[in-house]
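A short reminder: the numbers here are calculations on the coordinates, not readings from a lab. Every value quoted in this text rests on a predicted model; they were computed, and no experiment measured them. Here Cβ is always computed from backbone atoms with ideal geometry, including for glycine, and neighbour counts include all displayed protein chains.
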Amino acid sequence: MKYKRILLKISGEALQNREKGLNHDPDILSKVAAQFKQMLDMGAEIAVVVGGGNIFRGLAGAGAGTDRTTGDYMGMLATVINSMAIQSALENEGIQTRVMTAISMPAIAEPFIRRKAVRHLEKGRVVIFGAGTGNPYFTTDSAAALRASEIQADVLMKATKVDGIYTADPVTDPSATRFEKISYQDALSRQLKVMDAAAFSLCMENDIPIVVFDFFKENGMVEVFTGEDSGTLVTHG
């Protein structure tokens, strides 16, 4: 394995199937669980931060008249719903999990305590971080960078719909080219939209490499974990 302790950032939209009208596609969740099982069997320690965009997005709510702070808290609750969906899928595969939230809700999750999170990882449990940072105006990308820093992750794996970072959106610009490797500074100066500036900066300050990869590629997570497919690597350069 190329990394040991990883933090996976996955969007809420990656879990849904719009054609079937599902916010949580069982087939997608099952594939995630199967890959996690492979990586755990190889000795990985896995943490997850999931977005809530398949259910509610704070910025979109603000555009529709919801107060921004209220909308962001609603988005945080959506991430907890997604965290529980991932937890259920993993436990169906016999994987031990813990959901830890930045907002206290003891009936369904543990509060985030860094030392407990690290201990869970050391015991082979997948730790799913919900409710973002617990603060409005921060994205789940920022939450992923923060949690990766706190647990001293070896890498932040950012799951996307494409196989890395491009000079432009490859869906709309056929001439866009993919970076195999790019520095934090270049990513910031080019204003690449794969992650927000706060997340890039936090990873840069704490020397945590970011790998941007195609979430929908067959066995994509495992290949990044083992080094067979590096996606786009973001480091100091």
Study note, to complete from the structure: Over all pairs of different Cα atoms in the chain, the reciprocal of the mean inverse distance gives a Kirkwood radius in Å of 17.8 Å
**Study point:** Measure of compaction for segment 119-237 (Cα Rg per 2.2 N^0.38 Å)
**Key:** 1.07
Review point. Can you work out ³J(HN,Hα) from phi for every residue in segment 118-134, in order, using Karplus 6.51 cos²θ - 1.76 cosθ + 1.60 and θ = phi - 60°, giving whole Hz and x for Gly and Pro?
Key: 5, 5, 4, 4, 5, 8, x, 8, 7, 9, 10, 8, x, 6, x, 8, x
Review point. If the cut-off is a Cα-Cα distance under 20 Å, which aspartates and glutamates reach Lys2, setting aside same-chain residues fewer than 8 apart in sequence?
Key: Asp41, Glu45, Glu122, Asp154, Asp163, Glu180, Asp207, Asp214, Glu218, Glu223, Glu228, Asp229
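At a threshold of 8 angstrom on Cα-Cα distance, excluding pairs fewer than six apart, so keeping six or more, what relative contact order does segment 1-112 reach in percent? Before the final figure, lay out the partial values.
On the way: 144 pairs, mean separation 27.3, N = 112.
Value for segment 1-112: 24 percent.
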Exercise for review: Could you tell me which of Ala60, Thr232, Gly71 has its Cα farthest along the dipole of segment 5-235 towards the positive end, charges placed at Cβ (Lys, Arg +1; Asp, Glu -1), taken about the Cα centre?
Suggested key: Gly71
Point to revise | Rounded to 5, the percent of DSSP beta bridges in the chain classed as antiparallel | key: 20 percent
Check your understanding: Per residue and in cubic angstrom, what volume does the convex hull of the Cα atoms of segment 13-140 have?
Key -> 103 Å³
Exercise for review: Could you work out the Kirkwood radius for segment 155-212, taking every pair of different alpha carbons, averaging 1/r and inverting it, reported in Å?
Suggested key: 11.8 Å
Check your understanding: Taking the Cα centre of segment 5-235 as the origin, how large is its charge dipole in debye, to the nearest 20, when only Lys and Arg (+1) and Asp and Glu (-1) carry charge on their Cβ atoms?
Key -> 580 debye
Check your understanding: Percent relative contact order of segment 5-235, based on C-alpha pairs within less than 8 angstrom and at least six residues apart?
Key -> 21 percent
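Using only helices, what value at 222 nm comes out for the chain when you add -39,500 (n - 2.57) per DSSP H run of length 4 or more and divide by the total residues, to the nearest 500 deg cm²/dmol? Walk me through the intermediate numbers first.
Numbers: 8 runs with 89 residues, N = 237.
The helix-only estimate for the chain comes to -11500 deg cm²/dmol at 222 nm.
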Exercise for review: Quick one: which residues, 5+ away or cross-chain, put their amide H under 5 Å from the amide H of Lys2? H built at 1.01 Å from N.
Suggested key: Thr226, Gly227
Practice item. Using the Cα centre as the reference, give the magnitude of the dipole from point charges on the C-beta atoms of segment 21-90 (Lys, Arg: +1; Asp, Glu: -1; all else neutral), rounded to the nearest 20 debye. Key: 80 debye
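Can you figure out the FRET efficiency of Arg190 with Thr69, using R₀ = 35 Å and their beta-carbon distance, to the nearest 0.05?
Once the sixth-power term is evaluated, E becomes 0.70.
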Review point. Check Val126: other-chain or 5+ apart residues with amide H under 5 Å from its amide H, H built from backbone geometry?
Key: Gln96, Thr97, Arg98
Review point. Which whole-Hz ³J(HN,Hα) couplings does segment 85-94 yield from phi under the Karplus relation 6.51 cos²θ - 1.76 cosθ + 1.60, θ = phi - 60°, glycine and proline marked x?
Key: 5, 5, 4, 4, 5, 5, 5, 5, 9, x
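Taking the Cα centre of segment 159-226 as the origin, how large is its charge dipole in debye, to the nearest 20, when only Lys and Arg (+1) and Asp and Glu (-1) carry charge on their Cβ atoms? Mind dumping the intermediate values first?
Values: 6 positive and 11 negative charges, 22 e Å.
Using only the charged Cβ atoms, the result is roughly 100 debye.
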Point to revise | Approximate spin-label separation Thr226-Asp169, in nm, with each point projected 7 Å along Cα-to-Cβ | key: 3.5 nm
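Can you pull out the trypsin sites (Lys or Arg not before Pro) in segment 19-114 that DSSP calls coil and that have at most 15 other Cβ atoms within 10 Å?
Working: sites: Lys20, Lys31, Lys37, Arg57, Arg68, Arg98, Arg114; in loops: Lys20, Arg57.
Answer in residue order: Lys20.
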